[in-house]
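Chemist: Here it is, the structure, as structure tokens.
The values are calculated or read from the model by the stated rules, or taken from the named source; none is laboratory data. From a predicted model like this one, the values you see are computed outputs, not experimental measurements. With ideal geometry, Cβ positions are generated from the backbone for all residues, glycine too; neighbour counts draw on all protein chains shown. Heads up: the accessible areas ignore ligands, DNA and RNA and are worked out on the full protein's heavy atoms, side chains in. Shrake-Rupley method; radii C 1.70, N 1.55, O 1.52, S 1.80 Å.
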Amino acid sequence: MASEPLLNGQDTGTDTLLEAQYLSEEQPDFVQVIAHDPEGVIAYIEQKGVQDLGTFKVQDETVLELLEDGAMFTLGSDSQYPDWERMWKQELSRDDTNKPKGWTAHIEVQASVVTLRNAANADDFGLLNPILHRYMNGACSLKVWGLQAVRAVVTFKWNAWARYYLYCELACYLIWLLGFQVFTIIFQDEDSHESLRQLLKHGLGRATVAAELVCLCGMAPFLYIEAGTFLEYGFYGWRSAWNFMDVVAYVNQIVIAVMHLGRYAVGSEALSVLVSFQILLLWVKIQYFARVLQPTKNPFMDTLRAVIQDVKWFLFLLVLTVWGFTCAFYILFRQDQQYEQFNNILHAFVTLFSIMLGGTDLDLFYNSHNPIIGIVLLLLFVFTMSMVLLNCLIAIMSDACSRVAENGDLRFTAGRAQIIDELECTIPAWLRRCNPQWYPKFVHVLTVVPSGCLAVFTEDDTAAAAAAAKPDPLEQMQATISELQQQLQAMAKTQEAMAKCVLGKQSGTDEQTPGVPTQSESEATSLSEPKSEPTEGSGRSWLPSMPSILGRTQV
């Protein structure tokens, strides 16, 4: 079965000039690769993006975290070919001072380098931004995030600065979220008839105003980040579910602040609806940060989006089926308008939705004008919806979740790349100049050699090793058959040797022993005497048939 291409279009091999540049001392940067051979960019990254420098051994506790996470170590350098072994040992020894010392083993690791010069640069001059733009436009498949060069750049940027930047952003968001949570609790008991001056005269009113101002201060950095992202990507690159949700949250927060501080329709239901909708949006937004943290490689929103993509047409057919039963029950209960469950079409739809989830009131059908038809329709509805369609829906959702879990690592890397690029386009120029270590010329990579980690297992690795060590039944059967054939051949040779030995002894006895008839006399005697059946204890009766037995055994 052919694997999925990395590009939706044709992406052919690299050009000879690129190979010559690869072998030269001055490596091309990503901008030059795109300018010279735009159709072979992904193929170049896949084939020539990473160069192996060599292997060496380190202590197991030094790379234990690497084994557990299945990740890689990255390091920036201005040289493509430094003293890489000494460089890596110094880097790994920094985190090895306070670790408990027991018996240790050595693991072989592979040192490599991303051959694209300035791959970690920001914006269009680096590797990440152009690939992310093509991926978001649908020109690259998800598998592009599994390329070692791309993963190395994402990992380097994340560990060098992006995660700390994201933690600061998360702190601002928690200030916004917790401030609004306090506001919703206090706002519940606020007197809607008080003016702003009267509200500030008591402690509860001052607390609600302070919570409102804290929310606006916590929201301010996100407005700046959102504006920078929109200017960087444009509308078509910016549009996504997260960004639309962010805009709704910003507008909603500003409207709530204006209505509350300006005392416009504070007692109306509109403000209550806006506040309830806003608190829901803010808590769902937490998933944006959770999707790039290591413990949540399969985040809720990504899984939900994949599930909805798979079941949207099935859900449409399911809603149509429920609507058909809704109309049937609404017409059936036209003479029973005293029951509010079916006195209008909307109530009938909500009632059937409740019945579909298990909330059935049989007295309602028994006391109707058409109890028999009502019960028959009810049984048909419960069987069709609860036992057939809902189980099919669960099966489709389970399949979608399994497919998301299969590509969990790739989606996780793509999510990190997107957040890194969004943060990078909002970093001030002076901050980039103050941190040149964020943008080295070359990114060096350290990974564990698969054969070198056999002596160190985590809990997950132990189960995988046990499954790998389990013999294949077909191979085990073939080995057993081969062993039996060898045993049969050995038995045939042994029997042939025994037969020759016995026959040799018999002929020697006939020639040397006096008083014993010779072979010719024995044959004459046997011809003159009547033949008798061989007995079980006869020793010589089986000797003449020995060659035939040996022949059959060898065959």
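Chemist: Do you know which residues across the range 245-277 are at pLDDT 90 or above and polar (S, T, N, Q)?
Modeler: Answer for the range 245-277, where residues must be at pLDDT 90 or above and polar (S, T, N, Q): 252, 253, 276.
Chemist: Hey, does the range 90-105 have a residue that's modelled with pLDDT of 85 or more and of a type in the set (D, E, K, R)?
Modeler: No: zero hits.
Chemist: Another question, then. Is it the case that the range 193-200 has a residue that's open to solvent by less than 10 Å² (accessible area, probe 1.4 Å) and of a type in the set (A, V, I, L, M)?
Modeler: Yes, the range 193-200 contains a residue that is open to solvent by less than 10 Å² (accessible area, probe 1.4 Å) and of a type in the set (A, V, I, L, M).
Chemist: Please identify the pairs in which a residue from the range 314-334 that is under 16 Å from residue 388 (Cα atoms) has its Cβ atom under 7 Å from the Cβ atom of a residue that is open to solvent by 70 Å² or more (accessible area, probe 1.4 Å), counting only partners at least 6 apart or on another chain.
Modeler: Pairs found: 322/353.
Chemist: Working only within the range 240-295, note down all residues that are of a type in the set (A, V, I, L, M, F, W, C) and on the phi > 0 side of the Ramachandran plot.
Modeler: Matches in the range 240-295: 265 only.
Chemist: Could you check residue 225 against (1) open to solvent by 80 Å² or more (accessible area, probe 1.4 Å); (2) touching an Asp or Glu at 6+ places or on another chain (Cβ under 7 Å) and say which number it fails?
Modeler: Among (1) open to solvent by 80 Å² or more (accessible area, probe 1.4 Å); (2) touching an Asp or Glu at 6+ places or on another chain (Cβ under 7 Å), residue 225 violates only (1).
Chemist: In the range 114-143, what count of residues is obtained for those that are part of a helix (DSSP H, G or I) and crowded, with 22+ Cβ neighbours inside 10 Å?
Modeler: Within the range 114-143, residues that are part of a helix (DSSP H, G or I) and crowded, with 22+ Cβ neighbours inside 10 Å number 3.
Chemist: Look at the range 475-489 and say how many of its residues are aliphatic (A, V, I, L, M) and touching a helix residue (DSSP H, G or I) at 6+ places or on another chain (Cβ under 9 Å).
Modeler: Adding up the residues that qualify gives 1.
Chemist: Every residue in the range 37-53 that is open to solvent by 20 Å² or more (accessible area, probe 1.4 Å) and at pLDDT 85 or above, please.
Modeler: Selection gives 46, 47, 48, 50, 51, 52, 53.
Chemist: Next question. Go through (1) touching a residue at least 12 places away in the same chain (Cβ under 8 Å); (2) of a type in the set (Ser, Thr, Tyr); (3) open to solvent by 60 Å² or more (accessible area, probe 1.4 Å) and name the single condition residue 264 misses.
Modeler: (1)
Chemist: Return a yes/no flag: does the range 149-166 have any residue that is among the hydrophobic types (A, V, I, L, M, F, W, C) and surrounded by fewer than 16 Cβ atoms within 10 Å (Cβ to Cβ).
Modeler: Checking the range 149-166: not a single residue is among the hydrophobic types (A, V, I, L, M, F, W, C) and surrounded by fewer than 16 Cβ atoms within 10 Å (Cβ to Cβ).
Chemist: Where residues in the range 419-446 are of a type outside the set (Phe, Trp, Tyr) and part of a strand (DSSP E or B), which of them is farthest from residue 89 (Cα to Cα)?
Modeler: 443
Chemist: Could you look through the range 351-387, keep only residues that are in contact (Cβ under 8 Å) with a residue 40 or more places away in the chain and of a type in the set (Val, Ile, Thr), and pick out the one that is most open to solvent (accessible area, probe 1.4 Å)?
Modeler: If we take residues in the range 351-387 being in contact (Cβ under 8 Å) with a residue 40 or more places away in the chain and of a type in the set (Val, Ile, Thr), then 373 is most open to solvent (accessible area, probe 1.4 Å).
Chemist: Right, next: In the range 367-409, how many are assigned to a loop (DSSP other than H, G, I, E, B) and of a type in the set (Ser, Thr, Tyr)?
Modeler: 1
Chemist: Let me ask something else about it. With respect to residue 364, determine if the residue is more than 30 Å from residue 142 (Cβ to Cβ) and at pLDDT 85 or above.
Modeler: no
Chemist: Does residue 31 qualify as being of a type in the set (A, V, I, L, M), within 15 Å of residue 118 (Cα to Cα) and modelled with pLDDT under 85?
Modeler: yes
Chemist: Moving on to the next point. Which ones in the range 405-422 are crowded, with 19+ Cβ neighbours inside 10 Å, out of contact with any Gly (no Cβ under 9 Å at 6 or more places or on another chain) and closer than 13 Å to residue 143 by Cα?
Modeler: Passing the criteria: 411, 412, 414.
Chemist: Shifting gears a bit: Is it true that some residue in the range 215-235 is touching a Leu at 6+ places or on another chain (Cβ under 7 Å), at pLDDT below 90, among the small types (Gly, Ala, Ser) and farther than 29 Å from residue 407 by Cβ?
Modeler: Checked against the condition, which is being touching a Leu at 6+ places or on another chain (Cβ under 7 Å), at pLDDT below 90, among the small types (Gly, Ala, Ser) and farther than 29 Å from residue 407 by Cβ, the range 215-235 yields no hits at all.
Chemist: Does residue 250 fit the bill of being closer than 20 Å to residue 281 by Cα, open to solvent by 30 Å² or more (accessible area, probe 1.4 Å) and touching a residue at least 12 places away in the same chain (Cβ under 8 Å)?
Modeler: For residue 250, the condition - closer than 20 Å to residue 281 by Cα, open to solvent by 30 Å² or more (accessible area, probe 1.4 Å) and touching a residue at least 12 places away in the same chain (Cβ under 8 Å) - is not met.
Chemist: Restricting the range 19-28 to residues that are of a type outside the set (Ser, Thr, Tyr) and open to solvent by 30 Å² or more (accessible area, probe 1.4 Å), which is modelled with the highest pLDDT?
Modeler: Among those that are of a type outside the set (Ser, Thr, Tyr) and open to solvent by 30 Å² or more (accessible area, probe 1.4 Å), it is 26.
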